[in-house]
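Novice: My questions will all concern the structure given below.
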Amino acid sequence: MAALRDAGLAPHHHLLDIGAGALRLGCKAVGYLDPGHYWATDASRALLLAGHARELEDPARLDPAQLIEDGDFAFPGVPDTITHAIAFAVFAHLPGECLALAMANLARFPRLEAFLFTVFLAPDALAHTAYRQADGVVTHPDRPPRHLREPEVHDAAPGWVLTRDDRLLPRGQVLFTARRG
């Protein structure tokens, strides 16, 4: 939530939580945002619904229709009112082209001010082999947990301006904020 607030998220904004799982962020965001301003996608709607039932302090603040099964980053049924989006610890589990697909499909949201996402990075010279991150987790170019080179992250986001955040994140992931170019 701190990173989202730093990116300008206020209660009147509309948030899309990509790869929301059991609403680990949703349990905080739903109470912070105005009712109806939180949307979540995940490859498993069952997991989203389990989070809705077990994790939310006030489940009535979130219509289950705003929990959308989406394994393709197509964002079906998500309204164009979205102003902020986040994908925390999503792309470490997916091939690099998924980041590019998400970035391309997020371009359809005309009010989107900021998209926050995390990745593991590896130095150019070590990007094609297993790489031990600073905290000890070993990432790979071809299987989870995956890493990318920083130029690959930028290449996945044509038309976006990316800013790398220096805050320390779990397991050494790196947070980027994308804004329209």
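The values are calculated or read from the model by the stated rules, or taken from the named source; none is laboratory data. Just so it is clear, the structure is predicted and the values come from calculations on it, not from any experiment. Cβ: placed from backbone, ideal geometry, glycine included. Neighbour counts: every protein chain shown. Heavy atoms of the whole protein, side chains included, go into the accessibility calculation; ligands, DNA and RNA do not. Shrake-Rupley method; radii C 1.70, N 1.55, O 1.52, S 1.80 Å.
Novice: With every protein chain kept in place and ligands, DNA and RNA left out, what is the accessible area per residue of the chain? Probe 1.4 Å, answer in Å².
Specialist: 47 Å²
Novice: Shifting gears a bit: Of the options 122, 98, 82, report the single residue whose Cα projects farthest towards the positive end of the charge dipole of the chain (beta-carbon charges: Lys, Arg +1; Asp, Glu -1).
Specialist: So the residue we want is 122.
Novice: Placing +1 on the Cβ of each Lys and Arg and -1 on the Cβ of each Asp and Glu in the chain, which of 46, 109, 156 has its Cα farthest towards the positive end of the resulting dipole?
Specialist: My answer, from the dipole projection, is 156.
Novice: Roughly how many debye, to the nearest 20, is the charge dipole of the stretch 32-152 about its Cα centre, given +1 on each Lys and Arg Cβ, -1 on each Asp and Glu Cβ, and no other charges?
Specialist: In debye, rounded to 20, the stretch 32-152 gives about 220.
Novice: Mean-square fluctuation check for the chain, GNM, Cα pairs under 10 Å: which of 12, 140, 37 is largest?
Specialist: Greatest mean-square fluctuation among the candidates belongs to 12.
Novice: Carbon and sulfur together cover what percent of the accessible area of the chain at a 1.4 Å probe radius?
Specialist: C and S fraction of accessible area: 54 percent.
Novice: Now for a separate question. Need the C-alpha centroid separation for the stretch 1-47 versus the stretch 51-83, integer Å.
Specialist: 8 Å
Novice: When all protein chains stay in place, what accessible area (Å², nearest 10, 1.4 Å probe) is found for residue 6?
Specialist: Here the residue's solvent-accessible area equals roughly 110 Å².
Novice: Between the helical axis of 45-54 and the dominant principal axis of the chain, each derived from Cα atoms, what acute angle in degrees is found, rounded to the nearest 10?
Specialist: The angle comes out near 60 degrees.
Novice: On to the next question. Nearest 500 deg cm²/dmol is fine: what mean residue ellipticity at 222 nm does the chain get from its DSSP H runs of n ≥ 4 alone, each adding -39,500 (n - 2.57), divided by its residue count?
Specialist: It lands at -5500 deg cm²/dmol.
Novice: Just check the chain against the gyration tensor rule for me: Cα atoms, a ≥ b ≥ c as the square roots of the eigenvalues, rounded for a/c under 1.5, and otherwise prolate or oblate depending on whether a/b exceeds b/c.
Specialist: Verdict is prolate for the chain.
Novice: Same structure, new question: Just report the Cα centroid separation between the stretch 108-138 and the stretch 148-181, whole Å.
Specialist: Between the Cα centres of the stretch 108-138 and the stretch 148-181 lies a distance of 7 Å.
Novice: Express the relative contact order of the chain as a whole percentage, based on alpha carbon pairs under 8 Å and six or more residues apart in sequence.
Specialist: Across the chain, relative contact order equals 18 percent.
Novice: Indicate, rounded to the nearest 5 percent, the antiparallel portion of the DSSP beta bridges found entirely in the chain.
Specialist: 45 percent
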